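Just so it is clear, none of the values below were taken in a lab; they were calculated from the coordinates. Everything numeric in this text was worked out from a predicted model, so none of it was measured. Here the Cβ positions follow ideal geometry from the backbone for every residue, glycine too, while neighbour counts run over all protein chains shown.
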Amino acid sequence: MRSTDTVRQRFLRTLAPVFVCLLTASILLALDTPKPPDVEPPAARAETPAVLVFSRTTGFRHGSIPAGIKSLTELGREHGFRVEATEDPRFFEPTRLGKTDCVVFLNTTGDVLDDEQQRHFENFIRGGGGYVGVHSAADTEYDWPWYGRLVGAWFKTHPAIQPARINVEDRTFPATRMLPATWDRTDEWYVYRKNPRPNVRVLMSLDETSYQGGGMDGDHPISWYHDYDGGRAFYTGGGHTDASYAEPLFREHLAGAIKWAAGMTPHPPRKPAVPTDAVPGDATPDKGATR
Ligand SMILES: [Zn+2]
């Protein structure tokens with residue numbers, strides 16, 4: 001018995017370092033194993049949100065469109081959403097839109113979708129989709145009233161590119177949280193056909209005394225959002241110039257907007273910047289409010 005024990009003990013003593021080595025190796029191996037790719041992006045959701053950037057033009061074409069696409073693609077990598085850019089209106093069909101969380105109208109102009117594509121896009125928003133309109137997204141689809149209400153206001157005219165002061169009225173929203181209370185920047189400042197304030201939640205407005213050619217009687221919203229027809233809609237008037245897309249704050253403004261519209265950032269603050277005329281439960285588009 002004794003001799004057997006001794007043999008067994010000696011055997012175990014000899015093997016012990018081997019076990020330790022094996023254990024260490026397996027721990028090291030486990031630590032060294034590359035993480036599955038779905039853990040790598042900073043996205044909070046299991047699936048990376050998909051953003052479609054649409055920049056078709058049938059009217060004026062902004063030279064800044066490539067800079068805009070590049071910037072949004074980079075922002076997607078930084079913020080965890082996937083960007084696909086297209087000028088092809090055939091993307092507006094149920095299968096592709098069904099895999100999309102947010103559609104950005106990046107400096108679109110004119111009549112960009114046919115009737116059927118318009119219907120598919122309306123269904124996308126009604127199904128909870130997100131919309132972000134940039135600059136001449138307001139110079140788009142004048143004969144589609146539903147779109148006019150979605151974007152919030154249509155373009156009328158603009159003065160020359162110049163610096164202006166922006167009052168950031170609501171700094172709790174994902175697209176404005178990072179901005180100073182007054183934001184000085186240079187862009188082409190649109191005049192809109194109608195003040196959108198009664199129908200949307202205004203985030204920023206231009207100080208018309210800070211530049212030439214304001215054109216909206218002193219109340220000049222330049223960025224806003226609203227819940228619209230089952231989905232989320234955001235618009236910003238900036239983004240005419242190439243330089244806009246290199247401005248860190250303008251980029252973060254866009255990224256915040258996309259993350260909200262794509263459903264990545266929780267719905268805006270409890271304490272709402274509710275306009276006094278907003279009727280609770282008013283989810284259906286108001287008839288006759290064509291702009
Ligand atoms: Zn422009």
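So which strands (runs of 3 or more DSSP E) stay within the range 149-197 end to end and still have 3 or more residues that are of a type in the set (Phe, Trp, Tyr), farther than 14 Å from Tyr235 by Cβ and in contact with a helix residue (DSSP H, G or I) (Cβ under 8 Å, 6 or more places away or on another chain)?
Those strands (runs of 3 or more DSSP E) do not exist here; none qualify.
Restricting to the range 112-146, what's the tally of residues that are in a helix (DSSP H, G or I), more than 16 Å from the ligand (Cβ to nearest atom) and among the acidic types (Asp, Glu)?
3
Only one of (1) within 16 Å of the ligand (Cβ to nearest atom); (2) free of Cβ contacts under 8 Å to residues at least 24 places away in the same chain is not met by Thr95, so which one is it?
Tallying (1) within 16 Å of the ligand (Cβ to nearest atom); (2) free of Cβ contacts under 8 Å to residues at least 24 places away in the same chain, Thr95 fails exactly one: (1).
Restricting to the range 161-184, give me the number of residues that are among the hydroxyl-bearing types (Ser, Thr, Tyr) and under 10 Å from Leu203 (Cβ atoms). Talk me through it step by step, then tell me what you get.
So the first thing to find is which residues in the range 161-184 are among the hydroxyl-bearing types (Ser, Thr, Tyr), and the list is 172, 176, 182.
Filter again for under 10 Å from Leu203 (Cβ atoms), leaving 172, 176.
Residues meeting the conditions: 2.
Looking only at residues in the range 147-180 that are under 17 Å from Asn195 (Cα atoms), within 16 Å of the ligand (Cβ to nearest atom) and β-branched (Val, Ile, Thr), which one is surrounded by the fewest Cβ atoms within 10 Å (Cβ to Cβ)?
Checking each candidate, the answer is Thr157.
From the set of residues in the range 124-146 that are within 24 Å of Leu72 (Cα to Cα) and hydrophobic (A, V, I, L, M, F, W, C), which is surrounded by the fewest Cβ atoms within 10 Å (Cβ to Cβ)?
This residue is Ile125.
Out of (1) more than 25 Å from the chain's Cα centre (by Cα); (2) at positive phi, what's the single condition that is false for Met216?
(2)
Confirm whether Arg232 is more than 14 Å from Ile166 (Cβ to Cβ) and not in a loop (DSSP other than H, G, I, E, B).
yes
I need every pair where a residue in the range 142-169 that is without any contact (Cβ under 8 Å) to a residue 40 or more places away in the chain has its Cβ under 8 Å from the Cβ of a residue that is within 16 Å of the ligand (Cβ to nearest atom) and in a strand (DSSP E or B), sequence separation at least 6 or different chains.
Going by the 8 Å Cβ cut-off, the qualifying pairs are Tyr147/Thr140; Phe155/Val191; Phe155/Tyr192.
Could you list, in sequence order, the residues of the range 76-97 that are surrounded by 15 or more Cβ atoms within 10 Å (Cβ to Cβ) and in a helix (DSSP H, G or I)?
Gly76, His79, Pro89, Phe91, Arg96, Leu97
Here is a list: Thr100, Thr73. Which entry is outside any helix (DSSP H, G or I) and of a type in the set (Ser, Thr, Tyr)?
Among Thr100, Thr73, only Thr100 is outside any helix (DSSP H, G or I) and of a type in the set (Ser, Thr, Tyr).
Only residues in the range 172-196 that are on the phi < 0 side of the Ramachandran plot count as the first member; pair them with residues that are within 16 Å of the ligand (Cβ to nearest atom) and among the charged types (D, E, K, R), Cβ under 9 angstrom, at least 6 apart or cross-chain, and list the lot.
The qualifying pairs are Arg185/Glu247; Tyr190/Asp139; Tyr190/Lys156; Val191/Lys156; Tyr192/Lys156; Arg193/Lys156; Lys194/Lys156.
Filter the range 181-232 down to the residues that are away from the ligand (no atom under 16 Å from the Cβ), of a type in the set (Gly, Ala, Ser) and surrounded by 18 or more Cβ atoms within 10 Å (Cβ to Cβ) and list them by number.
Ser205, Gly214, Gly231
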